[in-house]
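Here the structure is laid out as structure tokens; the discussion comes afterwards.
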Amino acid sequence: MAPHPLERLIRAADAAITAEDVDALMDFYADDATLVVKPGLNVTGKENIRAAFVRIADYVQHSLVVGQGRMEVLEGGNTALVVMESTLAYVEAGEKVTVTRRATYVFRREADGRWVCTVDNSYGTALLDYPPT
């Protein structure tokens, strides 16, 4: 069975994050998308998402490398839920950090057939481990 088109799209988005190509990255998001920056902090809209990625790159000293593990795409109508292993490697406070998360993403298929991300949650259900905000 051929991989779902979202697999290729997510890999390209992760490559843009790693390359700090924020202009290319914004093409993956819907205008009204929401990004979970960290538990308790979400931003909505492309300009806010762009600013968040710039701040994240600065915070991790421009060292972020994003990768993928197993990925499942659940599609219904013009919406898809992606559940996947996301790997992050970066420098924080001078120390190299490697993290694997079980991320969740929601995509919407536009009228022209293009998929755009509407919810980007690299923390997945681990958000439930944090106190409510």
* In the stretch 71-99, which residues are surrounded by 14 or more Cβ atoms within 10 Å (Cβ to Cβ) and among the hydroxyl-bearing types (Ser, Thr, Tyr)? -> 86, 87, 90
* Residue selected from the stretch 73-83 under the condition assigned to a strand (DSSP E or B) and more than 15 Å from residue 120 (Cα to Cα), by the criterion farthest from the chain's Cα centre (by Cα) -> 76
* Structure fact -> Of (1) surrounded by 14 or more Cβ atoms within 10 Å (Cβ to Cβ); (2) under 26 Å from residue 132 (Cα atoms), residue 15 satisfies every one except (2)
* Mind listing just one residue for me: the one in the stretch 2-54 that is under 24 Å from residue 72 (Cα atoms), of a type in the set (A, V, I, L, M, F, W, C) and not in a helix (DSSP H, G or I) and, of those, modelled with the lowest pLDDT? => 2
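Yes or no, residue by residue, for (1) under 14 Å from residue 10 (Cβ atoms); (2) acidic (Asp, Glu); (3) touching a helix residue (DSSP H, G or I) at 6+ places or on another chain (Cβ under 9 Å):
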site: 62; (1), (2), (3): no, no, no
site: 66; (1), (2), (3): yes, no, yes
site: 72; (1), (2), (3): yes, yes, no
site: 80; (1), (2), (3): yes, no, yes
site: 86; (1), (2), (3): yes, no, yes
site: 104; (1), (2), (3): yes, no, yes
site: 115; (1), (2), (3): yes, no, yes
site: 121; (1), (2), (3): yes, no, yes
site: 125; (1), (2), (3): no, no, no
* Working only within the stretch 84-128, note down all residues that are of a type in the set (Phe, Trp, Tyr) and in a strand (DSSP E or B). => 90, 105, 107, 115
* To do: Would you mind telling me which numbered condition in (1) in contact (Cβ under 8 Å) with a residue 40 or more places away in the chain; (2) surrounded by fewer than 18 Cβ atoms within 10 Å (Cβ to Cβ); (3) touching a Gly at 6+ places or on another chain (Cβ under 9 Å); (4) not β-branched (Val, Ile, Thr) residue 68 fails?
  => (3)
* Residues that are β-branched (Val, Ile, Thr), at pLDDT 95 or above and surrounded by fewer than 14 Cβ atoms within 10 Å (Cβ to Cβ), drawn from the stretch 100-128 -> 100
* residue 62, sole failed condition from (1) part of a strand (DSSP E or B); (2) over 13 Å from the mean Cα position of the chain (by Cα); (3) not charged (D, E, K, R) -> (1)
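Conditions (1) within 16 Å of residue 72 (Cα to Cα); (2) of a type in the set (Lys, Arg), marked per residue:
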residue	(1), (2)
86	yes, no
89	no, no
95	no, no
101	yes, yes
128	no, no
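The values are calculated or read from the model by the stated rules, or taken from the named source; none is laboratory data. Owing to the predicted nature of the structure, the values given are computational and were not obtained by experimental measurement. Using ideal geometry, Cβ is built from the backbone for each residue, glycine included, and neighbour counts are taken over all protein chains shown.
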